[in-house]
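Engineer: Quick one: structure below, then a few questions.
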Amino acid sequence: MTLLASLELFDIIFYFFAFVTIVSAAVVVFSRNIVHSAFSLMFTFFGVAALYVMLNADFIAVTQVLVYVGGILVLLLFGVMLTTKVISVEMKTGTLQTLPASILVAVLAGTLCGIFWITDWLTPVARNAELPATTSSGIGRALMTTYLLPFEVASVVLLVAMLGAAMIARRERKR
């Protein structure tokens, strides 16, 4: 029996999204064209969101798409496209810090492998536990009951920060 025949559809989809995420992340890191890196970052974000969906973390997946793809990536692309006409920018691409970076990567890889080795990977399905249908209802219920006051305080703080930023921007424009 071959490996492909023993895999279920869920496994094949998981490996596909994992492959897309890893390959696009490698393109982000190793591409010399910043526009190609930015678009590869989009595929990386979508791949991570798909992996969240497969983990039944729908709220985190939607947040991933809205915040990272919808906000940060668009901001990054605008920044790239607005600064492509800048001339005489010195970019240093030397490999001066190869040894410290290699040591750090080896330590992190060893730590991740150790965590992988000692973790109990039995899933709730394997333990015959019931999986929740979605995470959004639980998060919404917690935000509107247990964490209502911190949620409202955070919204007021964000509102004050936005008003402060608008006032600072308006003051700068008058000068």
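Engineer: Tell me, which helices (runs of 4 or more DSSP H) lie completely within the stretch 66-146 with 3 or more residues that are surrounded by 10 or more Cβ atoms within 10 Å (Cβ to Cβ), at pLDDT 80 or above and within 21 Å of the chain's Cα centre (by Cα)?
Structural biologist: Hits in the stretch 66-146: 74-83, 98-118.
Engineer: Could you check the stretch 35-47 and list, in sequence order, the residues that are surrounded by fewer than 20 Cβ atoms within 10 Å (Cβ to Cβ), closer than 19 Å to Phe16 by Cα and either aliphatic (A, V, I, L, M) or modelled with pLDDT under 90 (or both)?
Structural biologist: Phe39, Met42, listed by residue number.
Engineer: Asn33 - would you say it is farther than 30 Å from Met81 by Cβ and not charged (D, E, K, R)?
Structural biologist: No: the conditions fail for Asn33.
Engineer: In the list Leu9, Leu55, which residue meets the criterion of being over 11 Å from the mean Cα position of the chain (by Cα) and under 29 Å from Leu143 (Cβ atoms)?
Structural biologist: Leu55
The values are calculated or read from the model by the stated rules, or taken from the named source; none is laboratory data. Values in this document were obtained by computation on a predicted structure and should not be read as measured data. Backbone-built Cβ (ideal geometry, glycine too); neighbour counts: all protein chains shown.
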